[in-house]
Amino acid sequence: MMVLRVHGDELVFPTSLHHVTPRIPQMNMMKVHIPFTFKLLETSKSSYSDVQCNVSSQVNYSIYAYWGVNIRELHVCLWKPWASLKDGFDSGSLLKGQYQLFGSKITRNPHTDETLSLSLPEASIDLGTPPRLYYPLVIFLLRTDDHDIHPDETVALINVVHIKDNVCTLPTSILAQYLKQANGQLSCLKQLYLATGNPPGYDDSSQISLALAEPVQGGPGRTLVCPTGGDSGMWNVTGEQLCVVCQYFPLSRALLPCRHTCICASCFDKLDRCPMCRGPIKSYFCIRGEEYMPLPNTKSSVNSTLQSPVSIILLRLSNGEVMHKILSPGLSDLRLLRNHHSFNSDEF
């Protein structure tokens, strides 16, 4: 309704205008398996004489280490088709003249986590003064059994490592990780930030970590979601990771661009900002199925909930132990409670 006052008289006009909050778009992700893992050990010394890292692989592969790599030429090289890259490694011509020292080449069969120690072959390298034009260390994990593989398969993991020195005193760390697929797509690997609403003391040690692989700026391709270790399971073997807002439903949505993975589908519809960092939510993607959500015809009022025999059982079982709010239950709620309680199914 719109009201205008003209010379003391009120003119009333009906109107159907109303503000509609735009729906946050969902990104359709493609899941891609990474056969390698690479990480620096916390005990790694911050020097060129001993860089310790942890490596695992599910395929036959080779490790190539280059010291003092020209930053621009590395990125030009990574854009090349996979066949061209592989030929360059095989012939030894890859990045020729664009690095200061070649570290090592190691060929391995599949193995679980092992510690790899790398050291500078000579006394020192000259990286110049900041802003530097060279990366201290670049490590390629290169798949060798690449015959007849799917175009979406991962064929290389490129790790750019900074090493602390007297000029640049930032701690030794991985500056960037790049994923190369057989179809030529180049993506930058970024970790998701997992935050749960589980109670204190909940065992999170077995959770599967995920990463987001975004196409490098200026290149074609689609965003990928990648398990970064273990099998394809998403959840802790001892229970579900709970939403940080309601602490009832399992979290299932990763928010973009902040990459916080912290809320369920039910709470997502009530938010336009991330509950962890307060950044705006531009888009999202699901990291698991959302079959836990009540069916559309499920009644949501508290009164109707209390009149249901199933609701009475749910309240008696939780009684302040699991549920912090009275919610409308569905069959999926019963499955959720079974993750937290042991009881005889004959009671139902």
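Under the condition of being under 26 Å from the mean Cα position of the chain (by Cα) and part of a helix (DSSP H, G or I), which residue from the stretch 48-75 is farthest from His147 (Cα to Cα)?
Residue satisfying both the conditions and the ranking: Ile71.
For the stretch 48-60, indicate whether the set of residues that are loosely packed, with under 13 Cβ neighbours inside 10 Å, without any contact (Cβ under 8 Å) to a residue 60 or more places away in the chain and over 20 Å from Gln177 (Cα atoms) is non-empty.
Taking every residue of the stretch 48-60 in turn, none turns out to be loosely packed, with under 13 Cβ neighbours inside 10 Å, without any contact (Cβ under 8 Å) to a residue 60 or more places away in the chain and over 20 Å from Gln177 (Cα atoms).
Output the residues belonging to the stretch 85-94 that are over 27 Å from the mean Cα position of the chain (by Cα) and within 11 Å of Ala182 (Cα to Cα).
Correct list: Lys86 only.
Listed here are the residues, each with its yes/no results for (1) farther than 26 Å from Gln191 by Cβ; (2) free of Cβ contacts under 8 Å to residues at least 40 places away in the same chain; (3) in contact with a helix residue (DSSP H, G or I) (Cβ under 7 Å, 6 or more places away or on another chain).
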{"position": "Gly128", "(1), (2), (3)": "yes, yes, no"}
{"position": "Arg143", "(1), (2), (3)": "no, no, no"}
{"position": "Val155", "(1), (2), (3)": "no, no, yes"}
{"position": "Asn159", "(1), (2), (3)": "no, no, no"}
{"position": "Ile163", "(1), (2), (3)": "no, no, no"}
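For every residue, the table says whether it meets (1) at pLDDT 80 or above; (2) within 30 Å of Pro130 (Cβ to Cβ); (3) surrounded by 10 or more Cβ atoms within 10 Å (Cβ to Cβ); (4) not basic (Lys, Arg).
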residue	(1), (2), (3), (4)
Val3	no, no, no, yes
Pro35	yes, no, yes, yes
Ala65	yes, yes, yes, yes
Ile71	yes, yes, yes, yes
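Of Ser104, Ser91, which residue is in contact with a Pro (Cβ under 9 Å, 6 or more places away or on another chain) and free of Cβ contacts under 8 Å to residues at least 60 places away in the same chain?
Ser104
Here are some conditions: (1) of a type outside the set (S, T, N, Q); (2) closer than 22 Å to Leu189 by Cβ; (3) buried (at least 19 other Cβ atoms within 10 Å of the Cβ); (4) modelled with pLDDT of 85 or more. Cys226 meets all but one. Which one does it not meet?
Only one criterion in (1) of a type outside the set (S, T, N, Q); (2) closer than 22 Å to Leu189 by Cβ; (3) buried (at least 19 other Cβ atoms within 10 Å of the Cβ); (4) modelled with pLDDT of 85 or more is unmet by Cys226, namely (4).
Taking the criterion of being at pLDDT below 90 and farther than 19 Å from Lys31 by Cα, would at least one residue in the stretch 281-291 satisfy it?
Yes, the conditions are met somewhere in the stretch 281-291.
Please state which one of Leu179, Leu120, Leu157 is in contact with a Ser or Thr (Cβ under 9 Å, 6 or more places away or on another chain), of a type outside the set (D, E, K, R) and in a loop (DSSP other than H, G, I, E, B).
Just one listed residue meets the conditions, Leu120.
Of everything in the stretch 87-112, what is within 26 Å of Ala123 (Cα to Cα) and outside any strand (DSSP E or B)? Give them in sequence order.
Hits for the stretch 87-112 are Phe89, Gly92, Ser93, Leu94, Leu95, Lys96, Gly97, Gln98.
Would you mind stating whether Leu255 is buried (at least 19 other Cβ atoms within 10 Å of the Cβ) and either of a type in the set (Asp, Glu) or more than 20 Å from Met27 (Cβ to Cβ) (or both)?
No, not satisfied.
The values are calculated or read from the model by the stated rules, or taken from the named source; none is laboratory data. Please read these numbers as outputs of a predicted model, since none were measured by experiment. Cβ sites come from the backbone with ideal geometry, for glycine too, and all protein chains shown count toward neighbours.
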